[in-house]
Structures are given as C-alpha cells and as structure tokens.
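Since every read-out is calculated from the coordinates, none of them should be taken as a lab result. This is a predicted model, so every value here is computed, not measured. Every residue, glycine among them, receives a Cβ derived from its backbone with ideal geometry; neighbour counts consider all protein chains shown.
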C-alpha cells in the first residue's frame, strides 16, 4: 500500500499518455504557467494501465516502442531538472493514491476521444472536484476536435472529402508551443516504478531485435526523421508513396501514434513545402478516423454499415496462419506480411492489398486483420487501425465498396514491376524472372526449375484461386444485398 503522507510543496501532476514529448505539450505548458503563479512544482506521470475497463491495451510491438519512448522522455526530463514518475495499475486508482501521498493541487492532461478513456477522465474529474483539486483537460491529440466539425445539419460527417473540406475551412492550426527550458520539480519525489520492472521488451526469443537497427523511438529522434522526409520524399510523395521498394513515405506514423511529435507540430514542419498539401490530406484521414470513432465508438467491434452485421464470414485457421506468416503463395502478399513481422511496419499501399486479400479473397472477418495489425505494428493506433480495416472491408464509412477487390498479382506488377520488394522479403524467389515472380503458381515448370523453386516445398502454391475467390466474395455480397 502507498504511504499516505502529504508534502508541504504544492504539486501539479502532468499526466502523460499518448503524448510522450515535451514540445507542443499543452498540459506541461499550463503547469509551467501555474508554477509562475503559485510556485507549484511539476511531477510528470505515466501510468501503465492494463486494468481499467474498456481501455485497449497495447500490442506486443507497441510495447517495444513504448519502452524506448519512455526512456527518451525520462532522459529529456532529467536534462530539464525533472523526473518521470512511473506507476502501473488502473489510472484512476494510481492517481487517487498519489493524491493521498503528495500535496497535489492541480492535475493536467490531454483529453482523449478513445472509447473508455472519456469515462476514465470523467471519473477522475469527479474525484478532483470532491477533493477540491483543479482538473484540466487540454486539446492536443488532433488538429480539430470532433465536435467542431459538423455538417450543415449539425451532424457528424460520414464521408471523408466533405469532412476534410470543412476542416480546411477552420482557422489554421496554431503554431506549436516550444518545450520548457527548465521544469521545476519537487525535492521529495513520490516513489517510481523502474521501467525495466514492467518487462515491456521481449526476452527470448527477442523477435524485436531487427527493430533496433531500423527505428529510434522518442521525441529526441523524430525531428531528424521529419527533416529527412521533408527535404526528400515529401516532394514526390503523391506519386512515389505507392511503390514499396522506394523510400517514398514518411515513416513518421509510430512517432505520431505515441505522440513523440504532435500532429500540430508535424503539420507546421511540412507546411508550404512541395508535396505538403497531399501529405496533409493523409493527416486528414487520421482526423477522419478519430472523428468517426468519437461519434460512433462501437465501430471498433461492429461494422459501421449495419447491413454487414448479418454478413457470412469464413472460419479458416489455416488461411489466417498462412496470411499472418506470409505463406499464401502470392509474393506481394507474403513480402508485405513478412515486412510487417520483420520491421514492425508495412507499406501503406500494401496495407490495402493484404487487407483486401484477407477479407475478400480469403473471406475472413476484418477483426482478424485488425487484431494482427494491432499486435505487430509499431504505429498501431486504434482509430486508424479500425478506420483502415473497415474501409478495406467495405463495411465502414466512406469505405471502398465490398465489391472493390484488389488483385494482388495486378498490384504487384504495377507497383513492384521488377520484383525488388518481393526479392527483399521472399528470398526463395530471388532467381525468378520478373515476368513470373508476381505469380509463381502460374509459371511454367521449366521457369520454376531454373529458379530453384519447388511449389509446395520451397515456396507455397497459391492458397486460393483469385478469380474463383473473387466471384465467391461478389456472390456473398449480392446475397447480402438481396436479403435486405
């Protein structure tokens, strides 16, 4: 049990969540102002909450990023004279214990729109009111709060394009707030957990070992990533982002998911540069996903389009395993899924291609894909993950219609023409000629032999026929339409 004692020094508790940074941090900035007014010292807090109801727990890959983000945040805070307080448990219970331990006069944090977290915030606000503690929630997770973007009839948007048009009619996002130079911290600091005691990192086998060569999590490193992107790929982003063998995307998504950089700061760092408009539109899709989640929180579990509640999905564990492991017999699918496992990230176009294949060719429920992405993606984000999977499944708002089915062979030939991406992640096909590398199952026997490929042994045969599986999916959709 926590020691119940009160320190004489007044404290402002700054509760960090998916905002693991010091720059453009409204609660921290408010705590600095409070210090000037009242002398209240600042205690930054992070709670590992795996216990509160309706809170979505981080997946395995995200825990790796979380660990390193907390490491860099701790380092940044120490440079400014402060410490990061780490506690685990239900967030409200943890903060209630801290109220008993220390003379907390103010609690500041960024407001969340995620399901479950709003209820948690409201419960905390009630406790603070009872104990006469100032409790303030600040905007900062999004460019535009969901309730500020409404249609002419005062209803939430269901289609992206008019939603984004309405966003752009809003005042320009304010400039980001600089990080404080010094953070006044109390001499007596509440007892903190050791980060290592949380065991966020994998041990044996250390499947995250390849991540260490590819990623540097945390605010200390994101500025370099943004600088590289804005001086290079940003200018050609609209065209080159579709080609997985080219560094044509930003790779900023994990930093944004954990708030190592604020959406507002990212917006201003690219604004005015060649290619910025299209990239900012992609940031707008993130806004739209949060908009949908805020107004329809049930979409994490239920289809946005109610007619799909009665849709018949297949249940095939072998298909799911083959898809997860990159053993489907379709090289672009397999390369993408192996990229996900090996790097914790998957190319944006290929997220759509592998999603369509799972949901429409294999006819497995989109929940399976969303769950796998949630566990394996470093940039796992509840709103984006839900919005993306509902979009590709054809079940969501402004979705690709269910009858729109990405052909993985066609996509492969178009966006990985020379097979460079495939060869990078499916080395057993390295010697396949460009003409046949996209669909080995259809390749002549002499071509396979010359490339050292034995279907079913060194590389799997295609697990489904694209033409037949496409027709089965279309028939299922037709039956759904006729049953309405």
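Could you compute the FRET efficiency for residue 96 and residue 223, with r as their C-beta to C-beta distance and R0 at 45 Å, rounded to 0.05? My answer for the efficiency is 0.75. Compared with the dominant principal axis of the Cα atoms in the chain, helix 117-130 is inclined by about 10°. The slack between residue 301 and residue 119, meaning 0.36 nm per residue of separation minus the straight C-alpha distance, is 63.7 nm. What number, in percent, do you get for the relative contact order of the range 113-245 if the mean sequence gap of Cα pairs under 8 Å and at least 6 apart is divided by its residue count? Relative contact order here is 8 percent. Packing order of peptides 48-55, 72-79, 360-367, 9-16, highest average first: 9-16, 360-367, 72-79, 48-55 (average count of other Cβ atoms within 10 Å over each peptide's residues). With the convex hull of its Cα atoms as the shape, the chain has an orientation-averaged projected area of 25.0 nm². Measure nothing but the geometry: give the 0 to 90° angle between the long axis through the Cα atoms of 331-343 and the longest principal axis through the Cα atoms of the chain, rounded to 10°. Tilt of helix 331-343: around 20 degrees. By the Kirkwood approach, averaging reciprocal distances over each pair of separate Cα atoms, the range 1-80 gets a hydrodynamic radius of 14.7 Å. If you plug the beta carbon distance of residue 450 and residue 169 into 1/(1 + (r/R0)^6) with R0 = 56 Å, you get a FRET efficiency near 0.40.
Calculated FRET efficiency, residue 127 to residue 268, Cβ-Cβ distance, R0 = 45 Å: about 0.80 to the nearest 0.05.
Taking the convex hull of the alpha carbon positions in the range 54-162 and averaging its projected area over all directions gives 10.1 nm². In the chain, Cα pairs under 8 Å separated by at least six residues give a relative contact order of 17 percent. The ratio of the alpha-carbon radius of gyration of the range 232-355 to the globular-protein estimate 2.2 N^0.38 Å is 1.26.
Counting only Cα atoms, the size of the range 270-324 along its three principal axes is 49, 31, 15 Å, in decreasing order.
Could you tell me what % of all Cα pairs in the range 306-479 have separations over 28 Å? So the portion of pairs separated by more than 28 Å is 21 percent. Approximating the spin labels as points 7 Å out from Cα along Cα→Cβ, the residue 434-to-residue 375 distance works out to 3.9 nm. Once you reduce the range 441-484 and the range 411-427 to the center of their Cα atoms, the two points are 18 Å from each other.
Mind running the shape call on the range 198-270? Use the C-alpha gyration tensor, a ≥ b ≥ c as the square roots of the eigenvalues: rounded below 1.5 for a/c, prolate if a/b tops b/c, oblate otherwise. Note, shape of the range 198-270 comes out oblate. Taking each residue as 0.36 nm, the span from residue 75 to residue 206 lengthens on full extension beyond its C-alpha to C-alpha distance by 44.7 nm. With helices as the sole contributors, the chain gives -13500 deg cm²/dmol at 222 nm; each DSSP H run of n ≥ 4 counts as -39500 (n - 2.57), and the sum is divided by every residue. Fewest-first ordering of 330, 243, 237 by other beta carbons within 10 Å of each residue's beta carbon gives 243, 237, 330. Taking 11 Å as the cut-off, the amide N atoms of the range 240-264 that come nearer than this to a point 7 Å along the Cα-to-beta-carbon line of residue 348 belong to 240-243, 248-253. The mean sequence separation of alpha-carbon pairs under 8 Å and at least six residues apart, normalised by the residue count of the range 105-184, gives a relative contact order of 26 percent.
Computed from Cα positions, the angle between helix 276-295 and the longest principal axis of the chain comes to roughly 70 degrees.
Using alpha carbons only, how many angstrom separate the centre of the range 352-404 from the centre of the range 153-220? Cα centroid of the range 352-404 versus Cα centroid of the range 153-220: 23 Å apart. The coefficient of translational diffusion for the range 342-434, derived via Stokes-Einstein from the alpha carbon Kirkwood radius under 25 °C and 0.890 mPa s, stands at 173 µm²/s.
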